[in-house]
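A quick write-up on the structure given underneath.
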Amino acid sequence: RLLRALEQAVRITRLKLAELAEAQLSSARTRVPVRRAGRLELIPVESIQAFRADHKYVQMLYEQEGELVESLLDETLKDLEQEFAADFMRIHRNTLVRVTSIDSVTPAGGAAHKVNLRGLAEALPVSRRHYSELKERLQRG
């Protein structure tokens, strides 16, 4: 009886862990608050193209009324990467990009590569460390 009870407890624990993991995946915000012109704006995650770490802050690049806008966030890149892992991926130690915003990946001399995002004039560097993961994720679709 004890063995059966322990097996039941393990099953419940695994089930609860799976539920918690699923709840955590679906708990990503749908909007990110930013301060602009003295007011708080809620930016839909779907309009965000990239996050770039810049010392203590993170620069968020997003589309608003057809233009690419930059705002600063007081959050860590690591936290943003964990929260938005389904849509964003790290391409460099200081950059996360929305996978669906990538127009192309181009060689930049030697083993280096750059990512061109829709609406962004400058190409973002891809580290050698993250290139294989990027290539794999893009091939998966």
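The values are calculated or read from the model by the stated rules, or taken from the named source; none is laboratory data. Treat the numbers as computed from the prediction; the structure is a model and nothing was measured. With ideal geometry, Cβ positions are generated from the backbone for all residues, glycine too; neighbour counts draw on all protein chains shown. Remember, those area values only see protein heavy atoms, side chains included, never the ligands or the DNA or RNA. Shrake-Rupley method; radii C 1.70, N 1.55, O 1.52, S 1.80 Å.
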(message) Order 92-99, 40-47 from most to least packed using the mean count of other Cβ atoms within 10 Å.
(response) 92-99, 40-47
(request) With a point put 7 Å past each Cα toward its Cβ, work out how far GLN82 is from GLU133 in nm, to one decimal. (result) 1.5
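Given a 1.4 Å probe and heavy atoms of the protein chains only, how would you sort LYS56, LYS135, largest accessible area at the top? Mind showing how you got there, number by number?
Numbers: LYS56 145, LYS135 95 Å².
Result, largest first: LYS56, LYS135.
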(message) Report the Cα-based extents of the stretch 69-127 along its three principal axes, largest first, to the nearest Å.
(response) 33, 23, 20
(request) Work through the residues other than LEU73 whose Cβ is under 11 Å from its Cβ and net out their charges, Lys, Arg +1 and Asp, Glu -1. (result) -2
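Considering only the other residues whose Cβ falls under 9 Å of the Cβ of HIS92, what net charge follows from Lys and Arg at +1 and Asp and Glu at -1? The partial results should precede the final answer.
Values: positive: ARG52, ARG90, ARG93, ARG129; negative: none.
Net charge around HIS92: +4.
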(message) Just to be sure I understand, if you calculate Kirkwood radius over Cα pairs in Å for this structure, which of [x] 18.6; [y] 17.2; [z] 16.1 do you get?
(response) [y]
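For ALA111 and ALA37, FRET efficiency with R0 = 41 Å and r from the beta-carbon atoms, rounded to 0.05? Intermediate results must be reported in sequence, preceding the final value.
Details: r = 43 Å, r/R0 = 1.04.
Efficiency computed from Cβ-Cβ geometry: 0.45.
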